[in-house]
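Notes follow the structure.
The values are calculated or read from the model by the stated rules, or taken from the named source; none is laboratory data. Note that the structure is a prediction, hence the values are computed from the model and not measured. Glycine gets a Cβ as well: all are built from the backbone with ideal geometry, and neighbour counts include every protein chain shown. When the accessible area is computed, the model is the full protein with side chains, heavy atoms only, and any ligands, DNA or RNA have been set aside. Shrake-Rupley method; radii C 1.70, N 1.55, O 1.52, S 1.80 Å.
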Amino acid sequence: MSSHGDPIPMIARKSAGLKGEANVPGDKSISHRSLILGAMAVGETKVTGLLEGQDVLDTAKAMQAFGAEVEKRGDTWHVHGVGVGGFAEPGNVIDCGNSGTGVRLIMGAMATTPITATFTGDASLNKRPMARVTDPLALFGARAYGRSGGRLPMTIVGAADAIPVRYATPVPSAQVKSAVLLAGLNAPGETVVIEREATRDHSERMLTGFGAQVTTEETDEGRVITLVGQPELKPQTIIVPRDPSSAAFPVCAALITEGSDVLVPNIGLNPTRAGLFFTLQEMGADLTFENMREEGGEPVADLRAKFSPDLKGIEVPAERAASMIDEYPVLSVVAAFAQGKTHMPGVKELRVKESDRIDAMATGLRLNGVEVDEGEDWWTVHGRGFGDVKGGATAQSHLDHRIAMSFLVMGLATEEPVRVDDGGPIATSFPIFENLMTSLGADLGREA
């Protein structure tokens with residue numbers, strides 16, 4: 001079942017020559033943060049290029065529930081913020097749909113304001129552990145009451161007299177770091193987050209853009225991020241770069257589909273997010289960056305991807321995992337078409353995403369004729385080379401948008417079509433995926 005009703009079975013068939021420009025949606029991470037920080041600034045923030053997937057729309061609705069005015073006029077979203085500490089108590093339960101980022105960041109943003117809010121989500125989100133966020137929020141003085149195992153639905157009682165916190169994250173997670181920094185905005189003094197492994201830094205960049213004082217230094221204990229509490233955030237005009245995680249799908253499709261040449265413009269190349277593209281280049285992909293520039297504190301470029309029949313399997317460095325954690329499913333598809341083994345260590349985080357992504361991809365790849373080995377925090381795809389991947393099976397998407405899209409990309413280059421049991425969840429992050437891919441010449445779509 002998709003989260004929006006009946007399952008939507010989809011099929012992808014062998015295609016040739018993907019061509020054209022792939023205008024992928026705006027970056028999801030930056031879209032969530034621009035709405036939340038806009039709501040915490042004083043005055044009007046304007047956002048263009050916002051990703052209008054269900055996850056981000058749920059965050060927009062949540063910001064309205066906390067008292068900010070959020071509306072879309074033309075192509076621009078206008079957010080009238082209420083200031084740091086200005087959130088009102090919502091009149092109803094906040095439904096964050098499928099979005100782990102949305103719910104965890106919003107919990108952080110409200111945890112140091114003396115209000116109470118109850119959060120819920122869809123079946124998938126309500127299975128995901130929230131203690132990794134509520135534990136550090138408790139240090140500020142917030143209290144959380146949820147189901148067993150720290151799961152949604154959950155009520156957060158914000159701290160009346162928040163105290164600043166010094167917190168070392170036990171697992172590399174940008175969501176946890178961001179929740180703590182957002183909570184620190186309404187605490188006096190300095191809030192400090194220590195990361196043993198660096199994670200994506202959109203929150204630090206955007207907080208600085210909105211006028212917060214954020215410093216980052218590399219020390220023996222790791223990356224130390226310090227935020228000075230109780231700033232007045234200044235409204236911003238934000239152009240959201242396009243999402244590298246969404247760009248991954250047309251880029252990878254072009255690399256494995258004979259005769260392809262696809263341009264993906266205006267892609268965010270934040271070094272904490274762009275690991276996939278460097279990994280593909282190491283595998284021998286014909287992937288180039290054109291027109292490098294900076295927008296809104298984020299590095300941006302146009303990506304050109306061409307069919308690459310001579311890809312080689314590689315060892316993906318474990319320390320790169322955090323910068324491409326969402327891209328391993330589609331990387332594993334490319335690896336199937338490479339010569340030799342692609343080994344991916346340091347990826348245990350994949351087991352607690354929207355689904356157990358290692359298990360979901362390994363199972364589907366094996367059904368389609370690809371050998372995969374796996375352990376708790378690693379997996380290896382035995383590449384068969386271009387033209388030798390059979391396909392012909394139906395993969396289970398497990399209500400996970402990235403699993404569904406990865407197998408549809410695979411079907412564009414396998415000998416036999418690849419089916420996905422439910423493509424419905426794709427709408428959460430990439431609502432235009434089907435139309436965009438078919439406009440490039442991909443033979444994929446819904447099965448009657």
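What number do you get for segment 267-353 when its Cα radius of gyration is normalised by 2.2 N^0.38 Å, N = residues?
Details: Rg = 13.5 Å, N = 87, 2.2 N^0.38 = 12.0 Å.
So segment 267-353 has a normalised radius of gyration of 1.12.
Could you sort VAL47, VAL84 by accessible area so the largest value comes first, with the probe set to 1.4 Å? Display every interim value, and only then the final one.
Values: VAL47 0, VAL84 35 Å².
Most to least solvent-accessible, the answer reads VAL84, VAL47.
Dipole size in debye (nearest 20) for the chain around its Cα centre, Lys and Arg Cβ +1, Asp and Glu Cβ -1? Let's see the in-between values first.
Numbers: 41 positive and 58 negative charges, 105 e Å.
Dipole magnitude for the chain comes out near 500 debye.
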- Using a Gaussian network model of the chain with C-alpha springs under 10 Å, which one of LEU367, LEU182, LEU331 is most mobile by mean-square fluctuation? LEU367
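How many percent of the accessible area of segment 338-390 is carbon or sulfur, using a 1.4 Å probe?
Working: 1000 of 2160 Å².
That share works out to 46 percent.
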- Cα-based Debye curve of segment 48-136 sampled at q = 0.10, 0.20, 0.23 Å⁻¹ gives log₁₀ I(q)/I(0) of -0.26, -1.00, -1.24
- Query: Of ALA442, TYR145, MET405, which is farthest along the charge dipole of the chain in the positive direction, counting Lys and Arg as +1 and Asp and Glu as -1 at C-beta?
  - Reply: TYR145
- Candidates ARG13, ARG73, ARG419; GNM for the chain (alpha-carbon contacts under 10 Å) flags as most fluctuating ARG73
- Task: Mind pulling the per residue volume of the convex hull built on the Cα atoms of the chain? Å³ is fine.
- Result: 125
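Average projected area of the Cα convex hull of segment 1-100, in nm²? Walk me through the numbers before you get to the answer.
On the way: hull surface 36.1 nm².
Averaging across all directions leaves 9.0 nm² for the Cα convex hull.
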- Task: First measure r as the distance between the Cβ atoms of ASN92 and LYS19, then evaluate 1/(1 + (r/R0)^6) with R0 = 51 Å and state the FRET efficiency to the nearest 0.05.
- Result: 0.60
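Of ASP388, ASP326, which has the most accessible area with a 1.4 Å probe, and how do the rest follow in descending order?
Values: ASP388 75, ASP326 20 Å².
Largest accessible area first, the residues go ASP388, ASP326.
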- Query: What per residue convex hull volume, in Å³, do the alpha-carbon atoms of segment 362-416 yield?
  - Reply: 79
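Skip the ligands, DNA and RNA, and give the accessible area per residue of the chain with a 1.4 Å probe, whole Å².
I get 35 Å² per residue for this part.
So if each residue of separation counts as 0.36 nm, and I subtract the Cα-Cα distance between GLU217 and ALA123, what length gain in nm does that give?
Full extension of this stretch gives 29.9 nm more.
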- Take the Cα gyration tensor of segment 346-448, multiply each eigenvalue by 5, square-root it, and list the three semi-axes largest first, rounded to whole angstrom. 22, 18, 11
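In terms of solvent-accessible area of protein heavy atoms at a 1.4 angstrom probe, what is the ranking of TRP379, TRP77, highest value first?
On the way: TRP379 0, TRP77 25 Å².
Solvent-accessible surface, decreasing: TRP77, TRP379.
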- Message: Could you report the accessible area of ARG384 in Å², rounded to 10, computed with a 1.4 Å probe on the protein chains as they sit in the structure?
- Response: 100
- Message: Using a Cα-Cα cut-off of under 16 Å, which lysines could be cross-linked to LYS46, ignoring same-chain neighbours fewer than 8 residues away?
- Response: LYS72, LYS234
- Task: Distance from a point 7 Å along Cα→Cβ of THR116 to each backbone N in segment 156-174: keep the residues under 16 Å and list them by number.
- Result: 156-161
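From Cα pairs below 8 angstrom and at least 6 apart in sequence, can you work out the relative contact order of segment 213-266, rounded to a whole percent? Show your work: numbers first, answer last.
On the way: 29 pairs, mean separation 12.1, N = 54.
With pairs under 8 Å counted, the relative contact order is 22 percent.
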- Message: Give me P(r) over segment 102-215, computed from all C-alpha to C-alpha distances, binned every 10 Å, as integer percentages.
- Response: 15, 48, 32, 5
- Query: Can you give the Rg to Rh ratio of segment 292-409, both from alpha-carbon atoms, with Rh computed by the Kirkwood formula?
  - Reply: 0.99
- Item | Carbon/sulfur fraction of accessible area - segment 169-246, other protein chains in place, 1.4 Å, % | 46
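Using only Cα atoms, what is the ratio of the radius of gyration of segment 178-314 to 2.2 N^0.38 Å?
1.29
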- Note on the structure: Using alpha-carbon coordinates alone, the radius of gyration and Dmax of segment 36-193 in Å work out to 14.7, 44
- Note on the structure: For segment 88-168, inverting the pair-averaged 1/r of distinct alpha-carbon atoms gives a Kirkwood value in Å of 12.5
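Among LYS312/LYS353; LYS28/LYS348; LYS14/LYS127; LYS306/LYS341; LYS19/LYS390, which pairs are too far apart, with a Cα-Cα distance over 26 Å? If you can, show how the numbers build up before the last one.
On the way: LYS312/LYS353 28 Å; LYS28/LYS348 22 Å; LYS14/LYS127 36 Å; LYS306/LYS341 22 Å; LYS19/LYS390 24 Å.
From the list (LYS312/LYS353; LYS28/LYS348; LYS14/LYS127; LYS306/LYS341; LYS19/LYS390), the Cα-Cα distance tops 26 Å for LYS312/LYS353; LYS14/LYS127.
Rounded to the nearest 5, what is the percent of antiparallel bridges among the DSSP beta bridges in segment 141-205? Please report the intermediate quantities before stating the final value.
Numbers: 5 of 8 bridges.
Antiparallel: roughly 60 percent of the beta bridges in segment 141-205.
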- Task: Multiply the residue separation of GLN339 and ASP75 by 0.36 nm, subtract the distance between their alpha-carbon atoms, and state the gained length in nm to one decimal.
- Result: 90.6 nm
- Task: With all protein chains present, calculate the accessible area of ILE163 using a 1.4 Å probe and round the result to the nearest 10 Å².
- Result: 90
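Taking every pair of Cα atoms in segment 14-63, average 1/r, invert it to obtain the Kirkwood radius, and report Rg/Rh to two decimals.
Details: Rg = 15.1 Å, Rh = 12.6 Å.
Reported Rg/Rh (Cα atoms, Kirkwood Rh): 1.19.
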